[in-house]
Structures are given as C-alpha cells and as structure tokens.
1. With the requirement that a residue be more than 23 Å from the chain's Cα centre (by Cα) and of a type in the set (Val, Ile, Thr), what does the stretch 120-143 give you?
2. Go through (1) surrounded by fewer than 22 Cβ atoms within 10 Å (Cβ to Cβ); (2) more than 25 Å from Pro325 (Cα to Cα); (3) not β-branched (Val, Ile, Thr) for Phe235 and report which single condition fails.
3. Tell me whether the stretch 151-165 contains one or more residues that are crowded, with 23+ Cβ neighbours inside 10 Å and aromatic (Phe, Trp, Tyr).
4. Do the conditions hold for Asp203, that is, is it of a type in the set (Asp, Glu) and closer than 30 Å to Lys91 by Cβ?
5. I'd like to know if the stretch 51-63 contains one or more residues that are more than 19 Å from Thr106 (Cβ to Cβ), among the hydrophobic types (A, V, I, L, M, F, W, C) and in contact (Cβ under 8 Å) with a residue 12 or more places away in the chain.
6. Can you pull out the residues in the stretch 278-307 that are closer than 21 Å to Val161 by Cβ and part of a helix (DSSP H, G or I)?
7. Can you find even one residue in the stretch 326-336 that is outside the structural domain of Thr187 (by TED's automatic domain parsing), at positive phi and modelled with pLDDT under 95?
8. What residue, of Asp212, Asp169, Asp203, Asp144, is among the acidic types (Asp, Glu), modelled with pLDDT of 95 or more and closer than 23 Å to Phe226 by Cα?
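The values are calculated or read from the model by the stated rules, or taken from the named source; none is laboratory data. Note that this is a predicted model, so its numbers are computed, not measured. Here the Cβ is made from the backbone with ideal geometry for all residues, glycine too, and neighbour counts use every protein chain on show.
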Amino acid sequence: MRKITDWHVHSRFSRACSQKLTLENNALWCEKKGVNVLGTADFTHPIWFSEIESQLIEDEPGLYKLADGKFPSMRYMLTTEVSQIYKKHDKTRRIHNLILAPSLETVRKTNAWLFESGFNLKADGRPILGLDSEELYKRLKDIDERTVLIPAHAWTPWFSVFGSKSGFDSLEECFGSMTKHIFAIETGLSSDAFMNRSCSMLDNVAIISNSDAHSPEKFGREANVFDIDQAEFSFDGFMNILRARDQTKFLYTIEFYPEEGKYYFDGHADCGVSLDPGQTKHHGSLCPKCKRPLTIGVMSRVADLHDRANLAVPEKFVTQKSIVPLPEILAEVYGLASPASKKVVAMYDQMITHFRNEFHILLDVSINDIKTTFGDDIAEAVRRVRVGEMLIEPGYDGVYGKVKIFNKDERKSSQKKLL
C-alpha cells in the first residue's frame, strides 16, 4: 500500500512557526494533503512533548495516532530537529540534524539527558546544542540503538552538513566513527535527488525529502513515497527500507523544483543580485554591486563536490517526482500574488472535496478528469507542472524562486475566461 511520509516539520513552539500547528489540526491537514505519516516535530520541547504524550497513542510499533479517534488513518512518528553550533577542525560549525525516535520512552530518556546536560529545551522547539554531531549520535545510540539521525537539508548554506557557510566536504568529516550509521540524508528545498546523486560519496545513503514546514499548509511540499505492507508498517519497517535502499519499497521522493528553493543560486538579497555558479566565479564570489561576499547557494556547492559528469541518476537509485504545490498552481492560474488568497483557498477546498487530497490531484488524477470538472486552465497548469513545462526564476540568498506556468499572453487569456 502506498504511504506518503513527511518527517521534518515543526510545532508552534519553534520560532517563526504558525500557532495553527496542533496535533489535531496537523492531522486535518495531512488528510487534505494526502500525507499518511507525519513527524511530530520538536519532541524536545517540554510543553509540546506533554501534548504528544497526552494526545497520541501507539498503534503500530513506533507509529502513533490521535487518542480521541479523529483522523484514524493518519499516523505520527516521533521526530525533532536540533541546531548544533560547535568548533571542529578550527572552524565554527552550524549543523541541523533530524532525529527520529522509536518510542515515547526513548524520547523521555533523550530529553532527560539533554536537560541534565544543561541545554535550554524551553526556549525553542528546535533547541540549540553545543554538541559535535559525532558525539551527539554516539549518545543517542547509547540511549537507544534504534534512534536514527539524518542530516537535515544537507546543502543549505547556513545550517547543514555540506553548507557553504559552516559545513563540511564529506559525511566522514562531520560524523567520524558514526558515519557508518548515517544511512539517509535530506535534500532540502533547494536540492533534489538528482543533484545529490551527482556525488558518488552519497551512493551508500538513501536520499529523502521532507517539507521542513513551519505551517500546516506547507506539509508535503516535499515527501517520501513508500510501498509498504501492513506487516512492515512501523518505525523499524520504514528505517529498514531506507537502510536497504530498497527500490521496490521506497518508490520515489516528492520534490520541490529546486530552483524554487530560496538558496538554489548564489546571490546577495540586499542588492537584488542572483548569480549562477559560473557568474559567481567570474566575480570572485563577491557581489558585483557592493563587493561584499555572496551567499554561496546549493547549486555551487553541488558543483564543487560532485564527481559525476552529469546529473543523471544511476538506475539502482530511487527516483523522484517534482511538483509545485496546488495553491501555487491555482494562484498562477488566477494571476494572484498569494496562494493564500480567498479565491485560491475556495477553489483548493473544492478540488480537495471532489478529488480527496492534494497528492491525488498532483500525481494521480487524469488531466481529462481535472479538465471536465474544473476547466481547461487548471488542467493545463497541472499537466505542465507534471512534465516540467514552465519557467522558474531561481531563488537565492533567502529569496524563494518564482514559478511561471503561463506566459503573459496565456495568463491574460486565462483571466478573461475566469471573469
């Protein structure tokens, strides 16, 4: 049975996150999106963890559902992201790692150790730890051998294992003796599976994708698709599939088009400067306007570390499907700046009511069925997204890329029909 997972999200106790992030509301949005297993997020935060303990019950091993019986098919996995700032090899490192835990008892022990070590777990759902990544993973394995650590958004400039600002050039440099336990890494919004597979040093790890959502509306903008039977449907079942990189069970990742991510190209947002890797080298990695250092983005870092001549994925690896979230598609059809506009929200809800969930619309429903029910323009927009027929102005230095599905003449024609 197909199961779609999104393990990296946040709670309302993380900075700059929506107050709508509650366990019940998250489950509601998973139903809308078509996400079957969501990360709880932020299990180190004491108030949020008390809600997890009181509102969730274990169903399958290591997977939890709402205790009140609402949204009975949706499951949670115990997850958190931690922010680590520490010195290694004479350089300050800033790394974000995703932790997946197999049980509530494991989380209790993990949180007790972090609290006793003097870390402030109340300040932020994503706590700041002055811990080396290798030492952190050693301690997590001492607490429970089944705990899994996955490097988060592996290429993001500021806080990631390969980030240009404070990362490393290999997993071994970061994780040392614990590298053998790193069997998956997360792409982040500005890279995808194909880009990661240009680096042979990652051949022995699974490439996963998650939304890193700060609001429930963003769930599933990146995700993982499994074909998993009921006997394997558990924490250990998912982890075993990733360890084995089983292509018959880990079918593909759902990816943001990486150009839409806010760190795809190099640039300087203050000056409105966006550069591809070749242009960056031409300017000596300095902003051509103000001469300050550029923020070196994901494409340049991949270009620096890759060792394959092109981005083709060897057949043995899991593939991907790239999407644009449905609200963004509808905003483009209507010529509206915000995917949160009333018109977009109304049509989104109509389409979800009719076709069940967003992933079903984006991945499965025939274009003809969309056309018959919701018109030519929406159907054509979904078709173009599926095959990548669109223009994306790449993101850079914290600025999201801009998706254009229709040209100006097509947009004018579409809007006339919608009036």
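1. Ile143
2. All conditions pass for Phe235, except number (1).
3. Checked against the condition, which is being crowded, with 23+ Cβ neighbours inside 10 Å and aromatic (Phe, Trp, Tyr), the stretch 151-165 yields at least one hit.
4. On the way: of a type in the set (Asp, Glu): yes; closer than 30 Å to Lys91 by Cβ: yes.
Yes.
5. Within the stretch 51-63, none of the residues are more than 19 Å from Thr106 (Cβ to Cβ), among the hydrophobic types (A, V, I, L, M, F, W, C) and in contact (Cβ under 8 Å) with a residue 12 or more places away in the chain.
6. Val298, Met299, Ser300, Arg301, Val302, Ala303, Asp304, Leu305
7. Looking through the stretch 326-336, at least one residue is outside the structural domain of Thr187 (by TED's automatic domain parsing), at positive phi and modelled with pLDDT under 95.
8. Working: Asp169 fails: closer than 23 Å to Phe226 by Cα; Asp203 fails: modelled with pLDDT of 95 or more; Asp144 fails: closer than 23 Å to Phe226 by Cα.
Answer to the selection: Asp212.
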